[in-house]
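Heads up: the structure comes next, in structure tokens.
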Amino acid sequence: MPSPTPPLQRIAISTGGGDAPGLNAVIRAATLSAVNRGWEVVGIRDGYDGLLLPEAYGEGGLIALTRERVRGTTHLGGTILGTTSRSNPARFPVKQADGSVIEVDRIDELIGLFRARGIDALIVVGGDGSLGIAHRVAQRGMQVVGVPKTIDNDLDKTVITFGFDTAVGFATECLDRLHTTAASHRRVLVVEVMGRYAGWIALNAGVSGSADAILIPEIPYDLEKVAQKVRQRAERAGDFTVVVVAEGAKAVGGRMSVVDKEVGQAERLGGAGEKVARDLHALTGKETRLVVLGHLLRGGSPTTFDRLIALRFGAAAVRALEEGRSGVMVALDPPTVNYVPLSAAIGRMKGVPLDCDTMLTARELGICFGD
Ligand code: F6P
């Protein structure tokens with residue numbers, strides 16, 4: 001157990017990276033837990049931009065998080081603080097007089113801004129990118145606790161991230177709806193889902209939503225195998241097929257479909273479903289339609305499961321700060337939550353293990369993975 005530090009008086013919360021249902025529940029739980037200890041809480045707008053861009057935010061870069069401010073927010077999607085996936089204080093883009101852009105490390109300056117505002121400790125709610133930044137801030141002397149968030153569920157050292165269950169639930173509902181129209185028209189329906197380099201959303205929604213084929217980044221596919229499945233179903237089963245494609249899926253020997261890649265930022269994936277739909281049509285001659293669920297998976301109210309773990313994570317983050325912990329991430333380790341070093345959680349993407357029980361179940365149900 002770490003030795004207790006002087007009592008905290010003021011803490012800050014930052015939400016970074018893509019939003020995920022449950023962020024507001026974390027903010028509410030952390031705020032109430034801290035306020036109940038007599039601490040003051042502020043939220044930083046849009047990641048760290050509220051502090052790093054005073055010319056844009058003025059005095060409005062910090063939001064006072066009070067009991068009243070977080071009331072009625074547990075069920076709301078998005079984040080009341082705002083977020084950004086385009087601004088990293090370790091590689092902050094600064095425009096030069098000649099119009100060129102250079103990247104500057106502003107982490108020490110950020111810590112100075114925390115100190116100047118009387119902020120003793122920080123809770124960072126984010127995915128791998130934001131938690132990587134949190135790790136660097138902690139290494140330079142700020143007390144920091146991370147909370148794992150992402151619909152992709154690709155963070156290591158926690159059984160699950162919040163946001164994932166909501167995304168899977170919505171994708172499954174979409175598959176249910178698409179089944180009836182696919183069956184009525186005897187079509188092939190290709191459904192692309194997010195998940196970046198991991199197939200968790202595609203796998204869990206695909207199995208729950210009775211997909212006939214699921215293509216995930218962890219298994220490069222041979223589309224002829226999927227075409228065989230389509231032909232078999234035309235002969236033996238209903239003459240329609242539902243194919244779930246993770247945005248990171250790629251053909252054997254092929255590449256992931258990337259929309260764009262800006263300097264210093266994560267590449268944006270997209271187009272995997274379109275390719276599968278086009279090529280499957282060419283291989284089977286079947287009428288094929290494509291649905292890209294995209295950012296719909298990030299919206300809406302968190303499920304009960306996501307709300308509860310988000311609330312538990314928020315409260316656990318405050319307990320960790322009170323115990324003097326720093327450089328750790330709250331992790332779900334059923335039946336409890338525990339703390340793992342940020343250094344052990346970041347930079348190691350958690351993909352779908354090919355021998356996991358859900359994969360075995362899918363195979364036994366006859367779902368095709370294109371292999
Ligand atoms: O990490 C969450 C996620 O929604 C991924 O599934 C997806 O690839 C990416 O973010 C999309 O990012 P953006 O919102 O920047 O388009």
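The values are calculated or read from the model by the stated rules, or taken from the named source; none is laboratory data. Small disclaimer: the values here were computed from a predicted structure and weren't measured. Please note: Cβ atoms are built from the backbone with ideal geometry, for glycine as well, and neighbour counts cover all protein chains shown. Surface accessibility is based on the protein's heavy atoms, side chains included, excluding ligands, DNA and RNA. Shrake-Rupley method; radii C 1.70, N 1.55, O 1.52, S 1.80 Å.
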- Leu290: among the hydrophobic types (A, V, I, L, M, F, W, C), open to solvent by 40 Å² or more (accessible area, probe 1.4 Å) and farther than 30 Å from Gln232 by Cα, yes or no? no
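Within region 149-166, does at least one residue satisfy the condition of being free of Cβ contacts under 8 Å to residues at least 40 places away in the same chain, assigned by TED's automatic domain parsing to the domain that holds Ala116 and among the basic types (Lys, Arg)? Steps first, answer last, please.
The initial filter retains those residues of region 149-166 that are free of Cβ contacts under 8 Å to residues at least 40 places away in the same chain, namely none.
Within region 149-166 (the criterion being free of Cβ contacts under 8 Å to residues at least 40 places away in the same chain, assigned by TED's automatic domain parsing to the domain that holds Ala116 and among the basic types (Lys, Arg)), the answer is no, since none of the residues qualifies.
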- Tally of residues being of a type outside the set (Gly, Ala, Ser) and part of a loop (DSSP other than H, G, I, E, B) across region 244-284: 10
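For (1) over 22 Å from Pro21 (Cα atoms); (2) open to solvent by 70 Å² or more (accessible area, probe 1.4 Å); (3) within 16 Å of the ligand (Cβ to nearest atom), each residue gets a yes or a no:
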{"site": "Arg278", "(1), (2), (3)": "yes, yes, no"}
{"site": "Ala282", "(1), (2), (3)": "yes, yes, no"}
{"site": "His295", "(1), (2), (3)": "no, yes, yes"}
{"site": "Ser326", "(1), (2), (3)": "yes, no, no"}
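Just to be sure, is Arg45 among the basic types (Lys, Arg) and at pLDDT 95 or above? Explain how you work it out, then say what you get.
Details: among the basic types (Lys, Arg): yes; at pLDDT 95 or above: yes.
The answer is yes for Arg45.
Would you confirm whether any residue within region 329-342 is within 16 Å of the ligand (Cβ to nearest atom), within 18 Å of Trp200 (Cα to Cα) and open to solvent by 10 Å² or more (accessible area, probe 1.4 Å)? Write out each step before concluding.
If we filter region 329-342 for residues that are within 16 Å of the ligand (Cβ to nearest atom), which is where we start, we get none.
No: region 329-342 contains no residue that is within 16 Å of the ligand (Cβ to nearest atom), within 18 Å of Trp200 (Cα to Cα) and open to solvent by 10 Å² or more (accessible area, probe 1.4 Å).
Being within 16 Å of the ligand (Cβ to nearest atom) and not in a loop (DSSP other than H, G, I, E, B) is the filter; apply it to region 297-309 and report the residue that is nearest to Ile11 (Cα to Cα).
In the first step, residues of region 297-309 are kept if they are within 16 Å of the ligand (Cβ to nearest atom); the result is 297-300, 302, 306.
Cutting the leftovers down to not in a loop (DSSP other than H, G, I, E, B) gives us 297-298, 306.
Values: Leu297: 31, Arg298: 27, Asp306: 24 Å.
Restricting to residues being within 16 Å of the ligand (Cβ to nearest atom) and not in a loop (DSSP other than H, G, I, E, B), the top hit is Asp306.
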- Task: Quick one: Val318 ticks every box in (1) more than 30 Å from Lys225 (Cα to Cα); (2) free of Cβ contacts under 8 Å to residues at least 12 places away in the same chain except a single one, so which number is it?
- Result: (2)
- Query: Of Val252, Val243, Val318, which residue is more than 16 Å from the ligand (Cβ to nearest atom), touching an Asp or Glu at 6+ places or on another chain (Cβ under 9 Å) and either open to solvent by less than 10 Å² (accessible area, probe 1.4 Å) or aromatic (Phe, Trp, Tyr) (or both)?
  - Reply: Val243
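Looking at Ala97, Ala64, Ala116, Ala90 in this structure, which one is at pLDDT below 95 and open to solvent by 50 Å² or more (accessible area, probe 1.4 Å)? It would help to see each step written out before you state the result.
Values: Ala64 fails: at pLDDT below 95; Ala116 fails: at pLDDT below 95; Ala90 fails: open to solvent by 50 Å² or more (accessible area, probe 1.4 Å).
Ala97 is the lone residue from the list that is at pLDDT below 95 and open to solvent by 50 Å² or more (accessible area, probe 1.4 Å).
Can you find even one residue in region 311-319 that is among the charged types (D, E, K, R), modelled with pLDDT of 95 or more and part of a loop (DSSP other than H, G, I, E, B)?
So the first thing to find is which residues in region 311-319 are among the charged types (D, E, K, R), and the list is 312, 319.
Subset that is modelled with pLDDT of 95 or more: 312, 319.
Subset that is part of a loop (DSSP other than H, G, I, E, B): none.
Within region 311-319, none of the residues are among the charged types (D, E, K, R), modelled with pLDDT of 95 or more and part of a loop (DSSP other than H, G, I, E, B).
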- Query: Among His295, His281, which is the only one that is modelled with pLDDT of 95 or more, in contact with a strand residue (DSSP E or B) (Cβ under 6 Å, 6 or more places away or on another chain) and under 29 Å from Leu215 (Cβ atoms)?
  - Reply: His281
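Restricting attention to region 87-108, does a residue exist that is under 21 Å from Glu247 (Cβ atoms) and assigned by TED's automatic domain parsing to the domain that holds Arg307? Reasoning before the result, please.
First, the residues of region 87-108 that are under 21 Å from Glu247 (Cβ atoms): none.
No - not one qualifying residue is present in region 87-108.
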- Message: All but one of (1) within 21 Å of Leu23 (Cβ to Cβ); (2) assigned to a strand (DSSP E or B); (3) more than 16 Å from the ligand (Cβ to nearest atom) hold for Val190; state the number of the condition that does not hold.
- Response: (1)
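Please state which one of Ile214, Ile219 is in the same structural domain as Lys286 (by TED's automatic domain parsing), in a strand (DSSP E or B), closer than 18 Å to Arg363 by Cβ and among the hydrophobic types (A, V, I, L, M, F, W, C).
Details: Ile219 fails: in a strand (DSSP E or B).
Residue meeting the stated conditions: Ile214.
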- Message: Restricting to region 124-160, and then to whatever is under 14 Å from Ala316 (Cβ atoms) and within 13 Å of the ligand (Cβ to nearest atom), can you tell me which residue is surrounded by the fewest Cβ atoms within 10 Å (Cβ to Cβ)?
- Response: Pro148
- Task: Would you check which residues across region 189-226 are open to solvent by 10 Å² or more (accessible area, probe 1.4 Å) and closer than 13 Å to Ile151 by Cα and list them?
- Result: Met194, Arg196, Tyr197, Trp200, Asn204
